[in-house]
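Quick note: the coordinates plus some simple rules give every number you see, no bench work behind them. All of these numbers come straight from a predicted model, not from anything done at the bench. Positions of Cβ are backbone-derived with ideal geometry, glycine not excepted, and every protein chain shown enters the neighbour counts.
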Amino acid sequence: MARRVKTVDDLDARKSSGAAPTDEGWWSSLLSQGEDADLGSPGKEGSNPAETIDGEVDWNLIQQDMERERVFNCEVVGYNHGGLLVANRDLHGFVPLSHLVRNEGSINTHALPDYLGRNLRLRVIECDQNRNRVVLSERAAQSIAGAREKVLTEVETNQRVRGEVTHITKFGLFVDIGGVEGLVHKSELSWARVTHPNQSADIGEKVEALVLHVDRERGRVALSLKRLEPNPWQRVAQQYDVGDVQMVKVTELVRYGAFAQLDAGIEGLIHASKMPLRDRQRPWDVFDRGQQLKVRILSIDVEKQRISLGLVSSSNSPTGSNQ
């Protein structure tokens, strides 16, 4: 009997918060790789990226195809902000943006309409019966047979691995570690605050990472870059006291204040209420990124990794007054 599988649901791109390394936040990251795309675009005319296809589903056979690393020929029938919707006579599924083969650089969402009607050679890398999802990969179809299974069998938690950055999203980095794509969540990129993961690496860059979690059944690996380095916040209590005066460098200006670096990996916040702002002025109207400021430490919360700062003096402030 022909098996017809429901197309991947188009989930909300919600940021994972305090979740397990390979839970729903992982899937949201995967589907949100094209977050800069026009989410109103339906893909192929008349098709809805989130529509489902009713019919008999042989999940055991799909699982066997995945384990045997069978390669399928599928036609691209639509796209959404995260990748391509593909189908053949027996199979319907989703190809994430990062699992498309690139020649140079990365494939952006603006190129996805060009894939409509094309045939791709794909391999199933995940099937989830509970959520009616089948995920396929063009990159996996070109890899050496058995490589993915070998990695998933051998990789262990706390192991160091090397891989290539294949895609960058606002959620983090996707890294190919030899047939399996691991996710370095934004929170695991650096001990310092990261505005966007593209500050941490480039597409095609080779990186070393620490394995945080392996979900062999679902083929997911959670990675960390920052945990290969000592946690600088472990020495904050010995290095700083409330009331200390320090020279800092402004690293980021936001609506509610300015982040400033005290030491490598350690930043504090100068709240807007502690700034000499005139009516309707914003922090970026007064200060510049990279500017050196003298501050006093107002509070330290090592557990939450937060330091509150207040200005002592700044020759570049509009009033030049002491705070």
If you add up the charges near Lys206, with Lys and Arg at +1 and Asp and Glu at -1, over every other residue whose beta carbon is less than 11 angstrom from its beta carbon, what do you get?
-4
Using the number of other C-beta atoms within 10 angstrom as an exposure proxy, rank Glu156, Glu229, Glu303 with the fewest first.
Glu303, Glu156, Glu229
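Would you mind counting up the charge near Gln246? Only other residues with Cβ under 11 Å from its Cβ, with Lys and Arg at +1 and Asp and Glu at -1.
Numbers: positive: Lys249, Lys294, Arg296; negative: Asp241, Asp244, Asp263.
So the environment of Gln246 carries a net charge of 0.
Would you work out if the stretch 232-313 is rounded, prolate or oblate? Take a ≥ b ≥ c from the square roots of the eigenvalues of the alpha-carbon gyration tensor; rounded if a/c is under 1.5, else prolate when a/b is larger than b/c, oblate otherwise.
Values: a/c = 1.96, a/b = 1.86, b/c = 1.05.
Here the stretch 232-313 falls in the prolate category.
Compute the Cα gyration tensor for the stretch 225-273, then decide on rounded, prolate or oblate, letting a ≥ b ≥ c be the square roots of its eigenvalues: rounded whenever a/c is under 1.5, prolate when a/b is larger than b/c in the other cases, and oblate in all that remain. Spell out each step's value before the answer.
Values: a/c = 2.50, a/b = 1.35, b/c = 1.86.
Cα axes put the stretch 225-273 in the oblate bin.
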Rounded, prolate or oblate: pick one for the stretch 147-228, where a ≥ b ≥ c are the square roots of the eigenvalues of its C-alpha gyration tensor, a/c under 1.5 means rounded, and failing that, prolate if a/b is larger than b/c, else oblate.
prolate
What net charge is computed for the residues neighbouring Val175, neighbours being all others with C-beta under 15 Å from the C-beta of Val175, Lys and Arg scored +1, Asp and Glu -1?
+3
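In whole percent, what relative contact order does the stretch 232-313 give with Cα contacts below 8 Å and a gap of six or more residues? Intermediate results must be reported in sequence, preceding the final value.
On the way: 164 pairs, mean separation 28.2, N = 82.
It rounds to 34 percent for the stretch 232-313.
For the ranges 242-250, 218-226, what's the packing order if you count other beta-carbon atoms within 10 Å of each residue, average per peptide, and put the highest first? The partial results should precede the final answer.
Values: 242-250: 14.2, 218-226: 22.1.
In decreasing order of mean packing, 242-250, 218-226 become 218-226, 242-250.
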Per residue of the stretch 293-308, in order, report the coupling 6.51 cos²θ - 1.76 cosθ + 1.60 (Karplus, θ = phi - 60°) as ³J(HN,Hα) in whole Hz, putting x for Gly and Pro.
10, 9, 9, 10, 6, 9, 7, 9, 10, 5, 4, 8, 6, 10, 10, 9
